[in-house]
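Okay, structure first, notes after.
The values are calculated or read from the model by the stated rules, or taken from the named source; none is laboratory data. Since this is a predicted model, take the numbers as computed values, not measurements. With ideal geometry, Cβ positions are generated from the backbone for all residues, glycine too; neighbour counts draw on all protein chains shown.
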Amino acid sequence: MIAFLSGKLLEKHANSVIVDVGGVGYEVSIPLSTFYELGEVGSEVQLRIYTNVREDAIQLFGFKTVRERELYLKLISVQGIGARSGIAMLSGMNADEIIAAIRTENLAKLTAIPGVGRKTAERLVIELRDKVSDLADGVSAGASMQAVAGVGGDGVVDDTLSALVNLGYQKNAAEKAIQRSLQDGVEANVKKLLKASLQRLAK
């Protein structure tokens, strides 16, 4: 199983990247928290990998830190949380917020994440409340996010909309959140627009 990739960043999108490792390009799905920390296309990148083997495909999911990968593995161990919905959880909320919500049994916050219903949120709390305590004292994933230079132009809106739809939000609702964020003066780069739009959609 692939557990780690180190190479050159060939392509970078809000939900996935392609990493060139010795001339072989690996497509890796990533959460937004990892996207925020990546450098520009052409830079060197290192990702911790979870390999999901299915009958019809082999999927790679990448994370910038060991802590993030460990939290992801705990999330997908819960019934109702699949490989992609685990990524959606880490995109809709940073690691510290997820850990805090589970430890404090904040079901309202957990169900605000697309694809997480009340029953799933309850299972997360019951099964992981004690298991995430070892991750709670780690370096804050949210605090370590570095601002990444955004791409200007219409492509920003398209990339942001695509990311929100892939996270499970309805296209119309996502479009409205993006539009209102821009009207409020949010800078047109993917990182800031995604963050503002997610905050609106979570209300």
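Return the residues of the range 55-74 that are buried (at least 23 other Cβ atoms within 10 Å of the Cβ) and aliphatic (A, V, I, L, M); say none if nothing qualifies.
Leu71
Would you mind finding the one in Lys74, Lys64 that is of a type outside the set (A, V, I, L, M), within 22 Å of Leu124 (Cα to Cα) and in contact with a helix residue (DSSP H, G or I) (Cβ under 6 Å, 6 or more places away or on another chain)? Break it down into steps so the answer makes sense when it comes.
Details: Lys64 fails: within 22 Å of Leu124 (Cα to Cα).
Lys74 is the lone residue from the list that is of a type outside the set (A, V, I, L, M), within 22 Å of Leu124 (Cα to Cα) and in contact with a helix residue (DSSP H, G or I) (Cβ under 6 Å, 6 or more places away or on another chain).
Could you please give the count of residues in the range 158-182 that are closer than 18 Å to Ser16 by Cβ, free of Cβ contacts under 8 Å to residues at least 12 places away in the same chain and out of contact with any helix residue (DSSP H, G or I) (no Cβ under 7 Å at 6 or more places or on another chain)?
So the count comes out to 1.
Does Val125 count as aliphatic (A, V, I, L, M) and at pLDDT 90 or above? If you could, list the steps in order and put the result at the bottom.
Numbers: aliphatic (A, V, I, L, M): yes; at pLDDT 90 or above: yes.
Taking the combined requirement at face value, the residue satisfies it.
Collect the residues in the range 158-191 that are assigned to a helix (DSSP H, G or I) and exposed (fewer than 14 other Cβ atoms within 10 Å of the Cβ), keeping them in residue-number order.
Restricting attention to the range 158-191, the residues satisfying the condition of being assigned to a helix (DSSP H, G or I) are 158-166, 171-183, 190-191.
Asp158, Lys171, Asn172, Gln179, Arg180, Gln183 - these are the residues of the range 158-191 that are assigned to a helix (DSSP H, G or I) and exposed (fewer than 14 other Cβ atoms within 10 Å of the Cβ).
Got a number for residues in the range 33-65 being among the aliphatic types (A, V, I, L, M) and in contact with a Leu (Cβ under 6 Å, 6 or more places away or on another chain)? Steps first, please.
Filtering the range 33-65 for residues among the aliphatic types (A, V, I, L, M) gives 38, 41, 45, 47, 49, 53, 57-58, 60.
Restricting the remaining residues to those that are in contact with a Leu (Cβ under 6 Å, 6 or more places away or on another chain) gives 41, 45, 47, 49.
Matching residues across the range 33-65 total 4.
Among the numbered criteria (1) of a type outside the set (S, T, N, Q); (2) in the same structural domain as Lys195 (by TED's automatic domain parsing); (3) modelled with pLDDT under 80, which single criterion is violated by Ile178?
Exception for Ile178: condition (3).
Among Ser85, Ser91, which is of a type in the set (Ser, Thr, Tyr) and closer than 14 Å to Thr120 by Cβ? Explain how you work it out, then say what you get.
On the way: Ser91 fails: closer than 14 Å to Thr120 by Cβ.
Just a single option satisfies the conditions, and that option is Ser85.
Filter the range 92-112 down to the residues that are in contact (Cβ under 8 Å) with a residue 40 or more places away in the chain and under 20 Å from Phe63 (Cα atoms), then identify the one that is surrounded by the fewest Cβ atoms within 10 Å (Cβ to Cβ).
First pass over the range 92-112, keeping only residues in contact (Cβ under 8 Å) with a residue 40 or more places away in the chain: 92, 94-97, 112.
In the following step, the residues that additionally are under 20 Å from Phe63 (Cα atoms) were identified as 92, 94-97.
Numbers: Gly92: 25, Asn94: 21, Ala95: 27, Asp96: 18, Glu97: 16.
Going through the qualifying residues, I end up with Glu97.
Go through the range 4-53 and give me each residue that's surrounded by fewer than 15 Cβ atoms within 10 Å (Cβ to Cβ), under 24 Å from Asn94 (Cβ atoms) and modelled with pLDDT under 90.
Within the range 4-53, just Gly39 meets the criteria.
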